[in-house]
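*Asks:* First the structure, then my questions, so here it is.
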Amino acid sequence: MLLAVLVGGGFAEAQFTPPELAAEEPASPADATRPDAPAAAAPSTSGLGRGEAMIAAMRENIAALEEQATELRKKLDDNTDNDTALVDLRLQLETLSKGVLQRAVALGPRLREINARLEQLGAPPAEGVSEPEIVANERRALIEEKATINALTGQAEELSLQVSSDIERIGELRRELFTNTLTKRVTIDLTLAGEAFAAFLDEVNQLYRSVASWVRFVLRFKIEAFLGATFFALLAAAVIFIGGRRMVGRLIVRDPANQKPSYLSRVSVAFFSSLLPAAAILVFFIVALSFYHGFNVLRGDILLLFGALARVTTIVFLVHRLARAVLAPFLPAWRLVDIATAPARRLYWLAMAIALVTAFDHFATVVSEVLNSPLSVTVAKTLVASVLVGLLVFAVGLVKPFEGEDGLRRWPLLIRIPLFLLGASPILAAMLGYTVLARFVLHQIVVSGAIAVTMYIGFLAAQAMSDEHAFANTLVGRRIRRAFALDDAAMDRFGVAAGIVLNIAILVAGIPLILLQWGFQAQEIFASAWKVMNEVRIGSFSFSLLALFGGILVFIVGYFVTRWLQGWLDDRVMARGRVDAGVRNSIRTAIGYLGIAVAAMIGISAAGIDLSNFALVAGALSLGIGFGLQNIVNNFVSGLILLAERPFKSGDWIVAGAVQGTVKKISVRATEIETFQRQTIILPNSELINAAVGNWTHKNKLGRVEIRIGVAYGSDARKVSDILLELARNHPMVTKNPEPFVYFVDFGDSALIFELRVFLFDVLNSLTVQNDIRFALYDRLKAEGIEIPFPQRDIHVKAMPAEAFDIALPAEQTSQKAVAKRSRRSKPDPDAD
Amino acid sequence: MNRFVFATLAGLLLAAPAFAASATNGDAEARTLIVTEGDGRSELTLNPGETVDFCPSGCFVTMPNGDRVALTGSETVEIRGGSGNVK
């Protein structure tokens, strides 16, 4: 405060600009529009004027806030043992803290202005050098104003710190209160019993009187309102139950005829049949109570009683449904745990008994509070209830639930010991006089137990959902399958994802609930959860879970948008435009890659991942990775080029090196080709770009086929040519333009070689055409008597010794035969006769 | 799945977080900000060129040159010449 006054005084001095300044500039400090006043001076003075008003207002605000804070602190000191007051104060303090921050933030723009202005004025002059007085004055004024602002912000900061520490103190006080209440001890002795009994009778009387008086009151004065409220309450009940049954009836009903329900359906029925009816009852109670309250039918104490009644009924109902769900005492096929039937029934009744006793105890406590009964009654009631519940829990521990070879086996030790301890604790606590602690234990057994069992069922459900084919058979799964037309593998993946999501949801919902039961305050839980979600620091590397989820969500959204865009473009735009199938495929794939890349970038950006730390490591590794990935990147880029340039499209017949076949699919890394032997060959794209690729069906399906034939020397060449042309022209698959052409290739070693060259409409028919023509040609040549010779060789025998022809023949025959033996085509032997 | 691999390979970006205020040190030497958040004061030292996220839910910041500012958690602070510009 003192500082503010001091600073305020200094500032007041600056407000009165020295007379010479006023004389020099005819413009008054508030006049900002004189054109030939030095441009530097005019705006600043008006700025100063604005600033000082704001600062004064701000100072008042902060003073007011400080007063508020002091008031609240005083109230805090007065109410250190009043939990509700503490909660209220905490809320007020938090609002105050926000207010302080807001005020301080409002000073920010002015500070910015001042800083900008100071920058404009430039650096202060060095020693000895003087600057124009206007500038010096302004600079001084600005610096003083800045100092004031800083001081004010400092004040706000201090205030904020104090308020925060007060809030912390409230938290501590409440925790202390809680522990103190729990550990308050009451001496128990026999006099208590007599006192308690008398007081109990008294209390019953009082309760009867109280309720009776209220009933009389209602009957006399509020009968219509009461009936009206009852009517609406019943209406609400009808809506909730009938509507609920209609909507989710199938989910929560166990079909007794079904002897082997799947695990998932068992678990999901268990889950829904416990939660949904309990939720329905809760909603009904809330609605009914609000109607009654709204119609002003309830008295204050009756309202409390009804509230307690509603609470305990809901909890008991929930326990009933849960126990039925898990133990399924009457429908063994639907049981979730492996327990024999008789023990299951026993356990069910035990659970119900525990819940009922605890419920009675709670209701009785509320009654005692409302009627202001003496402490002894409460202690006695809690004692009775604790002993009963303790014994019941013992009984649970003694049950033999599992089927064994000879009769039933007991619980494993790991479960029995905690159960016995759990049974002993309320008894001990109550006997020793720690009444509140005993009640607390009872409460926890029932409520935390119920929550834990619900969570357990939920976990089982999540696990079952991740099993193979399980998700696809559920209601939700079927809907999703229809909506997105997914196949089995995709549904399984969805199931796994659904399982994970369910697990997380259960943890997020269940753990805070349990913590709340244990006295942690909602604010604290939320604050620590928020801190964990927002920042997880590991050394100098921190990331935020929340931001990470946000990033993943953004990516998923982007992915689906991309798929939708692909589909839309393909179906609506390109199909209508009758674009070629190959082009469509290319565009579709390209958009897919682009969309996913963009989604990934935005997702990573949203996730707040700062990769600068990785940059160093990545830089070092990049050399190695680069070398290793060079082929893949080569293929990837080649794939992109293929998509863009389209030297071939899906369905073309291409020849790549030694491989030829039909293109099936062009992916980013490789292209799939199917050979005519129906073998799929996967060619890396780089090979298709770096080497020559032949495409039979690039522009059209036209193709040329050559059929070679050799006819014997001596045949009529022109006749052969005519035959060939005739056959070619008669074939329907041969084009007339370009027309078939017979090419007399060569005078071969053994034959006259002709080649028939025909163009086909569809080069894929080449084998058929060649077959047809060759068959026809063979028949025709045979018919015409034109010979297709074998490979021919002329042999010239230069000299043959006579002994070669030595055979036992008559002399004249010998010489004749010798002559005849000479090959027909031999050259005439000059030595022959 | 191939698509995912290549899409993520193709799009790595250094990120700007979205949920807290950030401060960037534009000077050539390390600067210290004094941050009062909730119930405690702490010092935040920034190396030259470093960007740090802090203050997700409102705080008071004292700049190296003594200026004091209140932030709500969505601003960017740039430190130049010892003084901070809040955007």
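*Asks:* With θ taken as phi - 60° and the coefficients 6.51, -1.76 and 1.60, list the Karplus ³J(HN,Hα) couplings across the stretch A:623-639 in order, rounded to whole Hz; mark glycine and proline as x.
*Replies:* Each residue of the stretch A:623-639 in turn: 4, x, 4, x, 4, x, 8, 4, 5, 5, 5, 4, 5, 4, 5, 4, x Hz.
*Asks:* Spelling out what I want: for every residue of the stretch A:152-162, take phi, set θ = phi - 60°, compute 6.51 cos²θ - 1.76 cosθ + 1.60 (Karplus), and round to whole Hz; glycine and proline get x.
*Replies:* Per residue, the Karplus-derived 3J(HN,Hα) values read 4, 4, x, 4, 4, 4, 4, 4, 4, 4, 5 Hz.
*Asks:* Next question. Give the aspartates and glutamates reachable from A:LYS664 as a straight Cα distance under 20 Å; neighbours fewer than 8 places away on the same chain don't count.
*Replies:* Of all the aspartates and glutamates, those that pass the test against A:LYS664 - Cα under 20 Å, at least 8 places apart if same chain - are A:ASP570, A:ASP580, A:GLU645, A:ASP652, A:GLU672, A:GLU674, A:GLU687, A:ASP762.
*Asks:* Take every residue in peptide A:599-606, count the Cβ atoms of other chains within 10 Å of its Cβ, and give the average of those counts.
*Replies:* Working: counts 3, 8, 7, 2, 4, 6, 7, 5.
Averaged over the peptide's residues, the number is 5.
*Asks:* Taking a 1.4 Å probe, which of A:LYS719, A:LYS531 shows the most accessible area, and what order do the others take after it?
*Replies:* Working: A:LYS719 75, A:LYS531 145 Å².
From most exposed to least exposed: A:LYS531, A:LYS719.
*Asks:* Something else: What shape does the stretch A:178-256 take by its C-alpha gyration tensor, where a ≥ b ≥ c are the square roots of the eigenvalues and a/c under 1.5 counts as rounded, a/b above b/c as prolate, and the rest as oblate?
*Replies:* Details: a/c = 3.20, a/b = 1.50, b/c = 2.13.
Oblate shape, in that a/c is at least 1.5 and b/c is the bigger or equal ratio.
*Asks:* Here's a follow-up. With r as the distance between the Cβ atoms of A:ARG246 and A:ASN82 and R0 = 51 Å, compute the FRET efficiency 1/(1 + (r/R0)^6) and round to 0.05. Don't skip to the answer; put the middle values down first.
*Replies:* Details: r = 48 Å, r/R0 = 0.93.
Calculated value: 0.60.
*Asks:* Leaving ligands, DNA and RNA out of it, rank A:ASP202, A:ASP301 by accessible area with a 1.4 Å probe, largest first.
*Replies:* On the way: A:ASP202 90, A:ASP301 45 Å².
Largest to smallest exposure gives the sequence A:ASP202, A:ASP301.
*Asks:* Something else about it: With θ taken as phi - 60° and the coefficients 6.51, -1.76 and 1.60, list the Karplus ³J(HN,Hα) couplings across the stretch A:640-653 in order, rounded to whole Hz; mark glycine and proline as x.
*Replies:* Here the 3J(HN,Hα) series is 4, 5, 4, 5, 6, 8, 6, x, 8, 10, 4, x, 6, 9 Hz.
*Asks:* To the nearest 500 deg cm²/dmol, what mean residue ellipticity at 222 nm is calculated for chain A from DSSP H runs of n ≥ 4 alone, each contributing -39,500 (n - 2.57), summed and divided by the residues? Intermediate results must be reported in sequence, preceding the final value.
*Replies:* Values: 24 runs with 559 residues, N = 833.
Only helices count here, giving -23500 deg cm²/dmol.
*Asks:* For a quick size check, give me the Cα extents of the protein assembly as shown along its three principal axes, largest first, whole Å.
*Replies:* Principal extents (largest minus smallest coordinate, Cα): 163, 108, 59 Å.
*Asks:* Mind listing the long-range amide H neighbours of A:ASN695? Cut-off is under 5 Å, sequence gap 5 or more, other chains count too, H placed in the peptide plane at 1.01 Å from N.
*Replies:* For A:ASN695, the qualifying residues are A:VAL655.
*Asks:* So how do A:ASP722, A:ASP762, A:ASP749 rank on accessible area, 1.4 Å probe, biggest first, that is with the largest at the start? Could the numbers behind the result be given before it?
*Replies:* Working: A:ASP722 95, A:ASP762 40, A:ASP749 130 Å².
I get A:ASP749, A:ASP722, A:ASP762, largest accessible area first.
*Asks:* Under 5 Å between amide H atoms, partner at least 5 residues away or on a different chain: which partners does B:GLU75 have, H built in plane at 1.01 Å?
*Replies:* B:ALA21, B:SER22
*Asks:* A further question on this structure: Given the pairs A:LYS649/A:LYS736; A:LYS184/A:LYS531; A:LYS719/A:LYS782; A:LYS74/A:LYS531, which are separated by over 24 angstrom at their Cα positions? Could the numbers behind the result be given before it?
*Replies:* On the way: A:LYS649/A:LYS736 28 Å; A:LYS184/A:LYS531 34 Å; A:LYS719/A:LYS782 13 Å; A:LYS74/A:LYS531 30 Å.
Checking Cα-Cα distances, A:LYS649/A:LYS736; A:LYS184/A:LYS531; A:LYS74/A:LYS531 exceed 24 Å.
*Asks:* If a/c stays under 1.5 just call it rounded; otherwise compare a/b with b/c (prolate if a/b is bigger, oblate if not). Do that for the stretch A:154-307, with a ≥ b ≥ c from the square roots of the Cα gyration tensor eigenvalues.
*Replies:* Numbers: a/c = 1.56, a/b = 1.20, b/c = 1.30.
Oblate shape, in that a/c is at least 1.5 and b/c is the bigger or equal ratio.
*Asks:* Follow-up question, since we're still on this one. Hey, which lysines would be in cross-link range of A:LYS798, C-alpha to C-alpha under 24 Å, not counting anything within fewer than 8 residues on its own chain?
*Replies:* A:LYS817, A:LYS821, A:LYS827
*Asks:* Continuing with this model, one more query. Which of rounded, prolate or oblate describes the stretch A:677-802 when judged by the alpha-carbon gyration tensor and an a/c cut-off of 1.5?
*Replies:* oblate
*Asks:* Given a 1.4 Å probe and no ligands, DNA or RNA in the count, how much accessible surface is buried by A and B, both sides, to the nearest 100 Å²? Write down the numbers at each step before the final one.
*Replies:* Numbers: alone 50390 and 5940 Å², together 52950 Å².
So the total buried area for this chain pair works out to about 3400 Å².
*Asks:* Let me ask something else about it. Full-extension gain between A:GLN259 and A:GLU755, please, as 0.36 nm times their residue separation minus the C-alpha to C-alpha distance.
*Replies:* Extra length available between A:GLN259 and A:GLU755 comes to 170.6 nm.
*Asks:* Quick one: Debye curve from the alpha-carbon atoms of the stretch A:222-340 only, equal weights, vacuum; give me log10 I(q)/I(0) at q = 0.14, 0.17, 0.21 Å⁻¹ to two decimals.
*Replies:* The Debye formula, applied to the Cα set alone, gives -0.68, -0.85, -1.09.
*Asks:* One-quarter of the Cα convex hull surface for the stretch A:336-464, in nm²?
*Replies:* Values: hull surface 36.1 nm².
Average of the hull's projected areas for the stretch A:336-464 equals 9.0 nm².
*Asks:* Okay, moving on. So how far apart, in nm, are the two label points at B:ILE34 and A:LEU234 if each is 7 Å from Cα heading toward Cβ?
*Replies:* Distance between label points: 7.2 nm.
*Asks:* Counting only GluC sites (Glu not before Pro) that are in a DSSP loop and have at most 10 other C-beta atoms within 10 Å, tell me the longest site-free stretch of chain A.
*Replies:* On the way: sites that count: A:GLU127, A:GLU405.
Between exposed loop sites, the widest span is A:406-833.
*Asks:* Let me ask something else. Determine how many Å³ per residue the convex hull of the Cα atoms of the stretch A:290-361 encloses.
*Replies:* Dividing the Cα hull volume of the stretch A:290-361 by its residues yields 87 Å³.
*Asks:* For the stretch A:664-721, which chymotrypsin sites (Phe, Trp or Tyr not before Pro) pass both filters: DSSP loop (anything but H, G, I, E, B) and at most 14 other C-beta atoms within 10 Å? Could you put the intermediate results ahead of the total?
*Replies:* Details: sites: A:PHE676, A:TRP696, A:TYR713; in loops: A:PHE676, A:TRP696, A:TYR713.
Hits after loop and neighbour filter: A:PHE676, A:TYR713.
*Asks:* Give me the compactness ratio for the stretch A:99-183, meaning the Cα radius of gyration over 2.2 N^0.38 Å.
*Replies:* Working: Rg = 22.4 Å, N = 85, 2.2 N^0.38 = 11.9 Å.
After normalising by residue count via 2.2 N^0.38 Å, the value is 1.88.
*Asks:* Per-residue counts of other Cβ atoms within 10 Å, averaged by peptide: what ranking do you get for A:586-594, A:204-212, highest first? Each step should come with its number before you reach the end.
*Replies:* Details: A:586-594: 17.0, A:204-212: 13.3.
Ranked by mean Cβ neighbours within 10 Å, highest first: A:586-594, A:204-212.
*Asks:* Filter the trypsin sites (Lys or Arg not before Pro) in the stretch A:627-694 to those in DSSP coil with at most 13 other Cβ atoms within 10 Å of their Cβ, and list the result. Please list the in-between numbers first.
*Replies:* Numbers: sites: A:LYS649, A:LYS664, A:LYS665, A:ARG669, A:ARG678; in loops: A:LYS649, A:ARG669, A:ARG678.
The qualifying sites are A:ARG678.
*Asks:* Is there a simple number for the mean count of other chain Cβ atoms within 10 Å of the Cβ of residues in B:59-71, and what is it? Please report the intermediate quantities before stating the final value.
*Replies:* Values: counts 3, 11, 2, 4, 3, 0, 2, 4, 9, 14, 9, 13, 4.
Counting other chains' Cβ atoms within 10 Å and averaging over B:59-71 gives 6.
*Asks:* Across peptide A:153-164, how many C-beta atoms of other chains are within 10 Å of each residue C-beta, on average? Don't skip to the end; give the middle numbers.
*Replies:* Values: counts 7, 5, 1, 4, 9, 2, 0, 8, 7, 1, 2, 5.
Per residue, the number of nearby Cβ atoms from other chains is 4 on average.
The values are calculated or read from the model by the stated rules, or taken from the named source; none is laboratory data. Everything numeric here is computed off the predicted structure, so don't read it as measured data. Virtual Cβ from ideal backbone geometry, glycine too; neighbours counted across all protein chains shown. Surface areas here come from the heavy atoms of the whole protein model, side chains and all, with no ligands, DNA or RNA. Shrake-Rupley method; radii C 1.70, N 1.55, O 1.52, S 1.80 Å.
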